[in-house]
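What follows is a short report on a single structure.
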Amino acid sequence: MTELLIINGERVAASDGGTFDSINPSTGDVLATVAKATKADIDRAVDSAHAAFEGKAWGGMAPAERGRIMQRMSQALRDRVEELAELESRDNGKPLRQARTDVQVAARYFEFFAGIADKIMGNTIPLGPGYLDYTVREPIGVSAHIVPWNYPIQIGARGVAPALAAGCVVVLKPSSESPMTALRLGEIGLACGLPPGVLNIVPGTGSEAGVALASHPRINQLTFTGSVDVGVAVAKMAAENVVPVVMELGGKSPNIVFADADMDLAAQGVANAIFQNAGQTCSAGSRLLVERKAHGALVDRLAARANSMRVGPGVSDPDMGPIISKRQLETIERYVQVGTAEGAHIAAGGSRPTDASLGRGFYFRPTLLESVSPGMRVAQEEIFGPVLAILDFDDLDEAATIANRSEYGLVSGIWTRDINKAMALASRIKAGQVYINTYGAGGGVELPFGGYKKSGYGREKGLESLASYTQVKNVCIKY
Ligand code: NAD
(Lines give C-alpha, C1' and ligand atoms only; values in the text may rest on other atoms or scores of the structure.)
Protein backbone atom coordinates (compact mmCIF):
# COMPACT_ATOMS: atom_id res chain seq x y z
CA MET A 1 0.00 0.00 0.00
CA THR A 2 1.30 3.43 -0.91
CA GLU A 3 1.63 6.11 1.76
CA LEU A 4 -0.18 9.14 0.34
CA LEU A 5 0.48 12.88 0.49
CA ILE A 6 -1.66 15.04 2.77
CA ILE A 7 -3.03 18.04 0.90
CA ASN A 8 -6.05 20.12 1.91
CA GLY A 9 -6.98 17.62 4.60
CA GLU A 10 -7.04 14.63 2.25
CA ARG A 11 -4.73 11.70 1.54
CA VAL A 12 -3.92 11.92 -2.16
CA ALA A 13 -1.65 10.21 -4.68
CA ALA A 14 1.00 12.24 -6.49
CA SER A 15 -0.37 14.05 -9.55
CA ASP A 16 1.55 11.71 -11.86
CA GLY A 17 1.07 8.61 -9.68
CA GLY A 18 4.80 8.54 -8.91
CA THR A 19 6.23 6.89 -5.79
CA PHE A 20 9.56 6.27 -4.08
CA ASP A 21 10.72 3.65 -1.60
CA SER A 22 11.75 4.53 1.93
CA ILE A 23 14.53 2.15 2.99
CA ASN A 24 15.10 0.74 6.47
CA PRO A 25 18.83 1.40 6.98
CA SER A 26 19.09 -1.32 9.63
CA THR A 27 18.35 -4.00 7.03
CA GLY A 28 18.48 -2.38 3.59
CA ASP A 29 14.85 -3.50 3.03
CA VAL A 30 12.03 -1.36 1.68
CA LEU A 31 10.03 -0.03 4.63
CA ALA A 32 7.30 1.70 2.65
CA THR A 33 6.33 2.97 -0.77
CA VAL A 34 5.48 6.66 -0.60
CA ALA A 35 3.76 9.03 -3.01
CA LYS A 36 6.39 11.36 -4.52
CA ALA A 37 5.15 14.94 -4.64
CA THR A 38 5.53 16.70 -7.98
CA LYS A 39 5.68 20.41 -8.72
CA ALA A 40 1.92 20.25 -9.38
CA ASP A 41 1.40 18.72 -5.92
CA ILE A 42 3.43 21.49 -4.32
CA ASP A 43 1.23 24.03 -6.17
CA ARG A 44 -1.86 22.28 -4.81
CA ALA A 45 -0.47 22.22 -1.29
CA VAL A 46 0.50 25.90 -1.34
CA ASP A 47 -2.90 26.83 -2.83
CA SER A 48 -4.75 24.90 -0.14
CA ALA A 49 -2.61 26.50 2.56
CA HIS A 50 -3.38 29.93 1.12
CA ALA A 51 -7.09 29.21 1.08
CA ALA A 52 -6.95 28.08 4.71
CA PHE A 53 -5.07 31.23 5.65
CA GLU A 54 -7.20 33.70 3.70
CA GLY A 55 -10.43 31.95 4.71
CA LYS A 56 -9.38 32.58 8.29
CA ALA A 57 -9.99 28.91 9.12
CA TRP A 58 -6.84 29.06 11.21
CA GLY A 59 -5.53 32.61 11.48
CA GLY A 60 -9.04 33.82 12.32
CA MET A 61 -9.62 31.22 15.01
CA ALA A 62 -9.40 32.44 18.60
CA PRO A 63 -5.77 31.94 19.63
CA ALA A 64 -6.79 29.97 22.73
CA GLU A 65 -8.69 27.54 20.50
CA ARG A 66 -5.61 27.13 18.28
CA GLY A 67 -3.70 26.34 21.44
CA ARG A 68 -6.26 23.72 22.47
CA ILE A 69 -5.94 21.91 19.13
CA MET A 70 -2.16 21.95 19.50
CA GLN A 71 -2.46 20.59 23.04
CA ARG A 72 -4.50 17.73 21.65
CA MET A 73 -1.78 17.09 19.07
CA SER A 74 0.78 16.99 21.86
CA GLN A 75 -1.29 14.47 23.80
CA ALA A 76 -1.91 12.37 20.68
CA LEU A 77 1.84 12.19 20.06
CA ARG A 78 2.37 11.05 23.65
CA ASP A 79 -0.44 8.50 23.38
CA ARG A 80 1.20 7.02 20.27
CA VAL A 81 4.81 7.23 21.41
CA GLU A 82 5.56 3.50 21.07
CA GLU A 83 4.05 3.16 17.60
CA LEU A 84 5.69 6.36 16.30
CA ALA A 85 9.04 5.55 17.88
CA GLU A 86 9.11 2.15 16.24
CA LEU A 87 8.22 3.68 12.87
CA GLU A 88 10.92 6.34 13.27
CA SER A 89 13.43 3.69 14.30
CA ARG A 90 12.68 1.59 11.21
CA ASP A 91 12.69 4.58 8.87
CA ASN A 92 15.80 6.30 10.19
CA GLY A 93 17.64 3.50 12.01
CA LYS A 94 17.99 5.24 15.37
CA PRO A 95 17.82 3.15 18.56
CA LEU A 96 14.30 2.74 19.85
CA ARG A 97 14.85 4.72 23.04
CA GLN A 98 16.29 7.66 21.09
CA ALA A 99 13.26 7.50 18.78
CA ARG A 100 11.01 7.52 21.86
CA THR A 101 12.78 10.62 23.10
CA ASP A 102 12.33 12.25 19.69
CA VAL A 103 8.56 11.65 19.77
CA GLN A 104 8.37 12.96 23.33
CA VAL A 105 10.33 16.06 22.34
CA ALA A 106 7.97 16.56 19.38
CA ALA A 107 5.05 16.36 21.81
CA ARG A 108 6.80 18.87 24.03
CA TYR A 109 7.14 21.35 21.11
CA PHE A 110 3.38 21.24 20.60
CA GLU A 111 2.79 21.63 24.33
CA PHE A 112 5.23 24.53 24.68
CA PHE A 113 3.90 26.45 21.67
CA ALA A 114 0.24 25.61 22.42
CA GLY A 115 0.67 27.57 25.62
CA ILE A 116 2.01 30.54 23.68
CA ALA A 117 -0.70 30.73 21.00
CA ASP A 118 -2.73 33.21 23.08
CA LYS A 119 0.26 35.16 24.42
CA ILE A 120 1.77 36.62 21.26
CA MET A 121 1.53 40.28 22.13
CA GLY A 122 2.49 43.65 20.72
CA ASN A 123 3.51 46.90 22.40
CA THR A 124 2.17 50.37 22.94
CA ILE A 125 4.67 53.04 22.02
CA PRO A 126 4.57 56.43 23.75
CA LEU A 127 4.34 59.22 21.16
CA GLY A 128 3.02 61.91 23.48
CA PRO A 129 -0.37 63.60 23.91
CA GLY A 130 -2.87 63.10 21.10
CA TYR A 131 -1.44 59.81 19.89
CA LEU A 132 -2.05 56.16 20.52
CA ASP A 133 0.48 53.89 18.85
CA TYR A 134 0.48 50.14 19.11
CA THR A 135 1.99 47.12 17.40
CA VAL A 136 0.44 43.76 16.60
CA ARG A 137 2.30 40.61 15.63
CA GLU A 138 0.45 39.10 12.70
CA PRO A 139 1.06 35.61 11.28
CA ILE A 140 3.31 35.77 8.24
CA GLY A 141 1.11 33.43 6.15
CA VAL A 142 2.17 30.30 4.29
CA SER A 143 5.21 28.85 6.02
CA ALA A 144 7.22 26.26 4.05
CA HIS A 145 9.34 23.70 5.90
CA ILE A 146 12.07 21.58 4.34
CA VAL A 147 13.35 18.98 6.79
CA PRO A 148 16.38 16.62 6.79
CA TRP A 149 16.37 12.90 7.51
CA ASN A 150 18.19 12.76 10.83
CA TYR A 151 15.48 13.79 13.36
CA PRO A 152 12.35 13.69 11.20
CA ILE A 153 9.56 14.09 13.74
CA GLN A 154 11.55 16.22 16.14
CA ILE A 155 12.72 18.74 13.55
CA GLY A 156 9.32 18.68 11.84
CA ALA A 157 7.60 19.58 15.12
CA ARG A 158 10.27 22.14 15.98
CA GLY A 159 9.25 24.26 12.99
CA VAL A 160 5.57 23.39 12.62
CA ALA A 161 4.53 24.06 16.23
CA PRO A 162 5.65 27.72 16.47
CA ALA A 163 4.33 28.39 12.96
CA LEU A 164 0.87 27.07 13.88
CA ALA A 165 0.90 28.86 17.23
CA ALA A 166 1.55 32.13 15.43
CA GLY A 167 -1.45 31.48 13.17
CA CYS A 168 0.52 30.49 10.07
CA VAL A 169 -0.36 27.62 7.74
CA VAL A 170 2.26 25.08 6.76
CA VAL A 171 3.54 23.02 3.84
CA LEU A 172 6.07 20.49 5.15
CA LYS A 173 8.43 18.54 2.91
CA PRO A 174 10.18 15.75 4.81
CA SER A 175 13.31 14.11 3.45
CA SER A 176 12.77 11.26 1.00
CA GLU A 177 15.11 9.20 3.23
CA SER A 178 12.72 9.27 6.22
CA PRO A 179 9.24 10.61 5.38
CA MET A 180 7.04 8.38 7.52
CA THR A 181 6.53 10.15 10.84
CA ALA A 182 5.84 13.49 9.13
CA LEU A 183 2.85 11.84 7.45
CA ARG A 184 1.67 10.55 10.83
CA LEU A 185 2.02 14.06 12.25
CA GLY A 186 -0.22 15.35 9.46
CA GLU A 187 -2.83 12.68 10.25
CA ILE A 188 -2.68 13.51 13.95
CA GLY A 189 -3.22 17.19 13.15
CA LEU A 190 -6.37 16.43 11.17
CA ALA A 191 -7.69 14.05 13.82
CA CYS A 192 -7.12 16.69 16.51
CA GLY A 193 -9.04 19.40 14.63
CA LEU A 194 -6.65 21.24 12.32
CA PRO A 195 -8.80 22.61 9.50
CA PRO A 196 -8.01 21.28 5.98
CA GLY A 197 -5.04 22.99 4.34
CA VAL A 198 -3.46 24.18 7.60
CA LEU A 199 -0.81 21.42 7.66
CA ASN A 200 0.06 19.84 4.31
CA ILE A 201 2.68 17.06 4.14
CA VAL A 202 4.40 16.51 0.79
CA PRO A 203 7.22 13.96 0.81
CA GLY A 204 9.38 14.09 -2.27
CA THR A 205 12.84 14.64 -3.63
CA GLY A 206 14.86 17.76 -3.06
CA SER A 207 15.35 18.30 -6.76
CA GLU A 208 11.64 18.38 -7.56
CA ALA A 209 9.42 18.92 -4.49
CA GLY A 210 12.12 20.83 -2.58
CA VAL A 211 12.93 23.17 -5.46
CA ALA A 212 9.23 23.70 -6.23
CA LEU A 213 8.53 24.64 -2.62
CA ALA A 214 11.57 26.85 -2.03
CA SER A 215 11.00 28.77 -5.27
CA HIS A 216 7.24 29.02 -4.92
CA PRO A 217 6.05 32.62 -5.38
CA ARG A 218 3.13 32.18 -2.95
CA ILE A 219 5.00 31.03 0.14
CA ASN A 220 5.60 33.80 2.67
CA GLN A 221 8.36 32.26 4.73
CA LEU A 222 10.72 29.26 4.55
CA THR A 223 12.35 27.25 7.32
CA PHE A 224 15.16 25.12 5.90
CA THR A 225 17.12 22.57 7.89
CA GLY A 226 19.86 20.72 6.06
CA SER A 227 23.30 21.05 4.54
CA VAL A 228 25.10 24.28 3.69
CA ASP A 229 25.18 23.73 -0.07
CA VAL A 230 21.47 23.05 -0.34
CA GLY A 231 20.75 25.86 2.13
CA VAL A 232 22.58 28.36 -0.06
CA ALA A 233 20.66 27.17 -3.14
CA VAL A 234 17.35 27.34 -1.30
CA ALA A 235 18.06 30.84 0.07
CA LYS A 236 18.76 32.09 -3.46
CA MET A 237 15.47 30.68 -4.69
CA ALA A 238 13.56 32.27 -1.83
CA ALA A 239 15.36 35.58 -2.38
CA GLU A 240 13.90 35.76 -5.91
CA ASN A 241 10.51 36.14 -4.24
CA VAL A 242 11.77 38.20 -1.28
CA VAL A 243 10.78 35.36 1.04
CA PRO A 244 12.57 35.36 4.43
CA VAL A 245 14.36 32.17 5.40
CA VAL A 246 15.39 30.51 8.65
CA MET A 247 18.57 28.57 7.93
CA GLU A 248 19.47 25.68 10.22
CA LEU A 249 22.61 24.23 8.69
CA GLY A 250 25.55 22.08 9.67
CA GLY A 251 28.14 22.17 12.40
CA LYS A 252 31.54 21.02 13.61
CA SER A 253 30.87 21.69 17.25
CA PRO A 254 33.69 21.50 19.82
CA ASN A 255 33.56 19.89 23.23
CA ILE A 256 36.37 21.55 25.20
CA VAL A 257 37.62 19.57 28.18
CA PHE A 258 40.04 21.04 30.74
CA ALA A 259 42.21 18.88 32.97
CA ASP A 260 40.30 20.00 36.08
CA ALA A 261 36.96 18.64 34.74
CA ASP A 262 35.10 15.72 36.25
CA MET A 263 36.59 13.24 33.76
CA ASP A 264 33.87 10.61 34.10
CA LEU A 265 31.16 13.18 33.51
CA ALA A 266 33.07 14.70 30.60
CA ALA A 267 33.69 11.31 28.98
CA GLN A 268 30.02 10.47 29.20
CA GLY A 269 28.99 13.87 27.78
CA VAL A 270 31.56 13.83 24.98
CA ALA A 271 30.70 10.26 23.93
CA ASN A 272 26.99 10.94 23.91
CA ALA A 273 27.46 14.18 21.95
CA ILE A 274 29.16 12.36 19.07
CA PHE A 275 27.64 8.86 19.11
CA GLN A 276 23.99 9.78 19.62
CA ASN A 277 22.12 9.11 16.35
CA ALA A 278 25.39 7.62 15.02
CA GLY A 279 26.86 11.12 14.83
CA GLN A 280 24.22 12.20 12.34
CA THR A 281 23.27 15.26 14.35
CA CYS A 282 23.76 18.87 13.28
CA SER A 283 24.83 19.76 16.81
CA ALA A 284 27.02 16.67 17.28
CA GLY A 285 30.10 17.40 19.36
CA SER A 286 32.30 16.19 16.53
CA ARG A 287 35.52 17.87 17.69
CA LEU A 288 37.02 17.10 21.09
CA LEU A 289 39.47 19.73 22.29
CA VAL A 290 41.24 18.28 25.31
CA GLU A 291 43.85 19.92 27.55
CA ARG A 292 47.03 18.05 26.68
CA LYS A 293 47.78 16.84 30.20
CA ALA A 294 44.32 15.20 30.44
CA HIS A 295 44.51 13.57 27.01
CA GLY A 296 45.32 10.07 28.23
CA ALA A 297 42.76 10.05 31.04
CA LEU A 298 39.95 11.18 28.76
CA VAL A 299 40.78 9.26 25.60
CA ASP A 300 41.20 6.00 27.55
CA ARG A 301 37.71 6.49 28.95
CA LEU A 302 36.29 7.33 25.53
CA ALA A 303 37.97 4.35 23.86
CA ALA A 304 36.58 2.02 26.54
CA ARG A 305 33.10 3.40 25.89
CA ALA A 306 33.42 3.28 22.10
CA ASN A 307 34.71 -0.30 22.13
CA SER A 308 31.95 -1.51 24.40
CA MET A 309 29.05 0.05 22.48
CA ARG A 310 26.67 -2.38 20.85
CA VAL A 311 25.97 -1.46 17.23
CA GLY A 312 22.83 -2.97 15.74
CA PRO A 313 19.36 -2.55 14.20
CA GLY A 314 17.44 0.42 15.60
CA VAL A 315 14.48 -1.64 16.82
CA SER A 316 16.79 -3.91 18.86
CA ASP A 317 17.57 -0.75 20.87
CA PRO A 318 21.36 -0.92 20.58
CA ASP A 319 23.78 1.73 21.82
CA MET A 320 24.15 2.91 18.25
CA GLY A 321 22.13 2.21 15.11
CA PRO A 322 23.08 2.27 11.44
CA ILE A 323 23.99 5.16 9.14
CA ILE A 324 21.05 6.44 7.08
CA SER A 325 22.21 5.13 3.68
CA LYS A 326 24.95 3.29 1.85
CA ARG A 327 26.02 6.58 0.31
CA GLN A 328 26.43 8.25 3.69
CA LEU A 329 28.27 5.19 5.04
CA GLU A 330 30.75 5.41 2.16
CA THR A 331 31.24 9.14 2.82
CA ILE A 332 32.14 8.36 6.44
CA GLU A 333 34.60 5.67 5.37
CA ARG A 334 36.23 8.09 2.96
CA TYR A 335 36.64 10.66 5.74
CA VAL A 336 38.39 8.14 7.96
CA GLN A 337 40.78 7.36 5.10
CA VAL A 338 41.36 11.08 4.51
CA GLY A 339 42.04 11.58 8.23
CA THR A 340 44.59 8.78 8.47
CA ALA A 341 46.25 9.94 5.25
CA GLU A 342 46.55 13.40 6.85
CA GLY A 343 48.28 11.88 9.89
CA ALA A 344 45.42 11.07 12.29
CA HIS A 345 45.63 7.91 14.34
CA ILE A 346 42.60 5.64 14.95
CA ALA A 347 42.15 5.18 18.70
CA ALA A 348 38.92 3.20 18.36
CA GLY A 349 36.67 1.91 15.57
CA GLY A 350 37.56 3.16 12.11
CA SER A 351 35.68 0.52 10.10
CA ARG A 352 32.40 -1.29 9.56
CA PRO A 353 31.55 -3.94 12.18
CA THR A 354 32.53 -7.48 11.24
CA ASP A 355 29.34 -9.07 12.64
CA ALA A 356 27.87 -10.92 9.63
CA SER A 357 24.31 -10.42 10.88
CA LEU A 358 24.70 -6.67 10.21
CA GLY A 359 25.92 -7.18 6.65
CA ARG A 360 22.80 -5.91 4.90
CA GLY A 361 22.49 -2.68 6.89
CA PHE A 362 24.71 0.40 6.79
CA TYR A 363 26.77 0.20 9.96
CA PHE A 364 29.97 1.91 11.12
CA ARG A 365 31.78 1.50 14.44
CA PRO A 366 32.11 4.36 16.94
CA THR A 367 35.39 5.94 15.92
CA LEU A 368 38.00 8.11 17.63
CA LEU A 369 40.66 9.93 15.60
CA GLU A 370 43.66 11.17 17.64
CA SER A 371 46.59 13.36 16.57
CA VAL A 372 44.27 15.61 14.61
CA SER A 373 45.49 19.16 13.97
CA PRO A 374 43.15 22.11 13.43
CA GLY A 375 43.74 22.50 9.69
CA MET A 376 43.00 18.88 8.75
CA ARG A 377 39.86 18.17 6.76
CA VAL A 378 38.54 15.88 9.50
CA ALA A 379 38.82 18.84 11.90
CA GLN A 380 37.09 21.24 9.53
CA GLU A 381 34.41 19.39 7.54
CA GLU A 382 31.15 17.97 8.81
CA ILE A 383 31.47 14.17 8.53
CA PHE A 384 27.96 13.43 9.81
CA GLY A 385 28.88 10.07 11.25
CA PRO A 386 30.18 8.56 14.53
CA VAL A 387 33.70 9.95 14.11
CA LEU A 388 35.27 12.14 16.78
CA ALA A 389 38.27 14.30 15.82
CA ILE A 390 40.51 14.76 18.89
CA LEU A 391 42.73 17.84 19.16
CA ASP A 392 44.99 18.85 22.07
CA PHE A 393 45.44 22.34 23.56
CA ASP A 394 47.64 23.80 26.28
CA ASP A 395 45.73 26.83 27.60
CA LEU A 396 42.45 28.70 27.37
CA ASP A 397 43.66 31.02 24.60
CA GLU A 398 44.61 28.11 22.43
CA ALA A 399 41.31 26.36 23.17
CA ALA A 400 39.35 29.45 22.10
CA THR A 401 41.42 29.84 18.93
CA ILE A 402 40.96 26.21 17.87
CA ALA A 403 37.27 26.20 18.79
CA ASN A 404 36.63 29.25 16.61
CA ARG A 405 38.80 28.04 13.76
CA SER A 406 35.80 26.65 11.94
CA GLU A 407 33.41 27.97 9.36
CA TYR A 408 30.61 26.63 11.55
CA GLY A 409 29.28 27.89 14.87
CA LEU A 410 26.29 25.90 16.09
CA VAL A 411 26.95 24.53 19.59
CA SER A 412 29.89 24.10 21.95
CA GLY A 413 30.55 22.39 25.25
CA ILE A 414 32.96 23.40 28.03
CA TRP A 415 33.96 20.97 30.79
CA THR A 416 35.76 22.36 33.85
CA ARG A 417 35.26 22.79 37.60
CA ASP A 418 36.50 26.40 37.33
CA ILE A 419 33.51 28.63 36.67
CA ASN A 420 35.70 31.65 35.89
CA LYS A 421 37.49 29.73 33.17
CA ALA A 422 34.18 28.47 31.81
CA MET A 423 32.64 31.94 31.70
CA ALA A 424 35.73 33.48 30.12
CA LEU A 425 35.65 30.88 27.37
CA ALA A 426 31.87 31.01 26.89
CA SER A 427 32.09 34.71 26.03
CA ARG A 428 34.77 34.05 23.40
CA ILE A 429 33.08 31.14 21.62
CA LYS A 430 31.38 32.00 18.34
CA ALA A 431 28.39 29.66 18.45
CA GLY A 432 24.65 29.89 18.93
CA GLN A 433 24.64 27.75 22.08
CA VAL A 434 27.25 27.13 24.77
CA TYR A 435 26.84 24.35 27.34
CA ILE A 436 28.94 24.16 30.49
CA ASN A 437 29.38 20.72 32.11
CA THR A 438 26.53 19.37 30.01
CA TYR A 439 25.76 19.10 26.31
CA GLY A 440 22.21 19.55 25.10
CA ALA A 441 19.38 19.76 27.58
CA GLY A 442 16.66 17.18 26.99
CA GLY A 443 15.90 18.43 23.49
CA GLY A 444 16.23 22.05 24.57
CA VAL A 445 12.71 22.93 23.42
CA GLU A 446 12.78 26.16 25.47
CA LEU A 447 16.28 27.28 24.43
CA PRO A 448 16.90 29.43 21.34
CA PHE A 449 18.85 27.36 18.85
CA GLY A 450 20.62 28.37 15.66
CA GLY A 451 23.90 29.11 14.06
CA TYR A 452 26.69 31.62 13.90
CA LYS A 453 28.66 31.74 10.64
CA LYS A 454 27.83 28.95 8.16
CA SER A 455 25.70 27.09 10.68
CA GLY A 456 22.90 29.40 9.59
CA TYR A 457 20.77 32.30 10.77
CA GLY A 458 17.47 32.85 12.50
CA ARG A 459 16.53 30.96 15.64
CA GLU A 460 14.31 27.99 16.27
CA LYS A 461 13.11 26.66 19.63
CA GLY A 462 12.03 28.81 22.55
CA LEU A 463 10.22 32.14 22.34
CA GLU A 464 12.81 33.49 19.91
CA SER A 465 11.42 31.28 17.16
CA LEU A 466 8.14 33.18 17.00
CA ALA A 467 9.89 36.12 15.36
CA SER A 468 10.21 34.05 12.16
CA TYR A 469 6.50 33.29 11.94
CA THR A 470 5.08 36.72 12.72
CA GLN A 471 5.41 40.16 11.20
CA VAL A 472 5.00 43.38 13.12
CA LYS A 473 2.34 45.88 12.12
CA ASN A 474 2.44 49.34 13.68
CA VAL A 475 -0.85 51.22 14.02
CA CYS A 476 -0.67 54.95 14.78
CA ILE A 477 -3.80 56.87 15.79
CA LYS A 478 -4.08 60.67 16.17
CA TYR A 479 -6.95 61.72 18.37
P1 NAD B 1 20.18 18.03 2.70
O2 NAD B 1 20.59 19.46 2.64
O3 NAD B 1 20.70 17.10 1.69
O4 NAD B 1 18.58 17.91 2.63
C5 NAD B 1 17.74 18.61 3.51
C6 NAD B 1 16.37 18.73 2.88
O7 NAD B 1 16.48 19.53 1.69
C8 NAD B 1 15.75 17.40 2.43
O9 NAD B 1 14.35 17.44 2.66
C10 NAD B 1 16.03 17.39 0.93
O11 NAD B 1 15.11 16.63 0.20
C12 NAD B 1 15.91 18.86 0.59
N13 NAD B 1 16.62 19.28 -0.62
C14 NAD B 1 17.71 18.69 -1.19
N15 NAD B 1 18.08 19.38 -2.30
C16 NAD B 1 17.21 20.41 -2.41
C17 NAD B 1 17.08 21.49 -3.33
N18 NAD B 1 17.91 21.64 -4.36
N19 NAD B 1 16.09 22.38 -3.14
C20 NAD B 1 15.25 22.28 -2.09
N21 NAD B 1 15.31 21.28 -1.19
C22 NAD B 1 16.29 20.36 -1.35
O23 NAD B 1 20.52 17.57 4.19
P24 NAD B 1 20.37 16.10 4.82
O25 NAD B 1 21.43 15.25 4.23
O26 NAD B 1 18.95 15.67 4.74
O27 NAD B 1 20.68 16.41 6.35
C28 NAD B 1 21.97 16.54 6.84
C29 NAD B 1 22.38 17.98 6.97
O30 NAD B 1 21.40 18.70 7.70
C31 NAD B 1 23.66 18.14 7.75
O32 NAD B 1 24.48 19.11 7.14
C33 NAD B 1 23.19 18.63 9.11
O34 NAD B 1 24.14 19.34 9.85
C35 NAD B 1 22.03 19.46 8.74
N36 NAD B 1 21.11 19.60 9.87
C37 NAD B 1 21.03 20.80 10.52
C38 NAD B 1 20.20 20.94 11.64
C39 NAD B 1 20.08 22.24 12.39
O40 NAD B 1 19.12 22.40 13.13
N41 NAD B 1 21.01 23.17 12.27
C42 NAD B 1 19.47 19.84 12.08
C43 NAD B 1 19.59 18.64 11.40
C44 NAD B 1 20.41 18.53 10.29
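The values are calculated or read from the model by the stated rules, or taken from the named source; none is laboratory data. What you see is a predicted model, and the numbers here were worked out from it, not measured in a lab. Cβ atoms come from the backbone with ideal geometry, glycine included; neighbour counts cover every protein chain shown.
For this structure, a couple of remarks:
- Looking only at region 215-224, and only at residues there that are farther than 30 Å from residue 79 by Cβ and crowded, with 18+ Cβ neighbours inside 10 Å, the one that is farthest from the ligand (Cβ to nearest atom): 220
- Filtering region 247-256 for residues that are more than 16 Å from the ligand (Cβ to nearest atom) and not basic (Lys, Arg) leaves a non-empty set.
- Flag for residue 267 being assigned to a helix (DSSP H, G or I), within 16 Å of the ligand (Cβ to nearest atom), over 19 Å from the mean Cα position of the chain (by Cα) and not aromatic (Phe, Trp, Tyr): no
- Condition check for residue 85: hydrophobic (A, V, I, L, M, F, W, C), surrounded by fewer than 17 Cβ atoms within 10 Å (Cβ to Cβ), within 27 Å of residue 162 (Cβ to Cβ) and out of contact with any strand residue (DSSP E or B) (no Cβ under 7 Å at 6 or more places or on another chain): no
- Matching strands (runs of 3 or more DSSP E) fully within region 388-479 where at least 1 residues are more than 16 Å from the ligand (Cβ to nearest atom), modelled with pLDDT of 95 or more and closer than 26 Å to residue 369 by Cα: 411-415, 433-436
- The set of residues in region 54-66 being at pLDDT 95 or above and buried (at least 17 other Cβ atoms within 10 Å of the Cβ) consists of 66 alone.
- Screening residue 33 with (1) touching a residue at least 40 places away in the same chain (Cβ under 8 Å); (2) surrounded by fewer than 23 Cβ atoms within 10 Å (Cβ to Cβ); (3) out of contact with any Pro (no Cβ under 6 Å at 6 or more places or on another chain) gives one miss only, at (1).
- Residue in region 331-341 that is under 23 Å from residue 266 (Cβ atoms) and either touching a helix residue (DSSP H, G or I) at 6+ places or on another chain (Cβ under 8 Å) or aromatic (Phe, Trp, Tyr) (or both) present: yes
- Applying the criterion of being surrounded by fewer than 23 Cβ atoms within 10 Å (Cβ to Cβ) and under 17 Å from residue 249 (Cα atoms) to the residues of region 377-387, the residue that is nearest to the ligand (Cβ to nearest atom) is 381.
- Hey, residue 275 under 29 Å from residue 97 (Cα atoms), touching a strand residue (DSSP E or B) at 6+ places or on another chain (Cβ under 8 Å) and of a type outside the set (Gly, Ala, Ser) or not: yes
- Candidate set: region 423-435, residues that are among the small types (Gly, Ala, Ser) and buried (at least 20 other Cβ atoms within 10 Å of the Cβ); chosen: the one nearest to residue 287 (Cα to Cα): 431
- Any hit, region 328-341, residues being within 25 Å of the chain's Cα centre (by Cα), in contact (Cβ under 8 Å) with a residue 12 or more places away in the chain, assigned to a loop (DSSP other than H, G, I, E, B) and buried (at least 18 other Cβ atoms within 10 Å of the Cβ): no
- Residue list for region 20-33, filter: in contact with a Gly (Cβ under 9 Å, 6 or more places away or on another chain) and either among the aliphatic types (A, V, I, L, M) or over 22 Å from residue 96 (Cβ atoms) (or both): 20
- Scope region 175-214; condition part of a loop (DSSP other than H, G, I, E, B), within 16 Å of the ligand (Cβ to nearest atom) and touching a residue at least 60 places away in the same chain (Cβ under 8 Å); matching residues: 176, 177, 178, 179, 202, 203, 204, 205
- Qualifying residue in region 225-242 (condition: within 11 Å of the ligand (Cβ to nearest atom), touching a Ser or Thr at 6+ places or on another chain (Cβ under 6 Å) and not aromatic (Phe, Trp, Tyr)): yes
- From 348, 344, residue being within 12 Å of residue 386 (Cα to Cα), among the hydrophobic types (A, V, I, L, M, F, W, C) and over 27 Å from the mean Cα position of the chain (by Cα): 348
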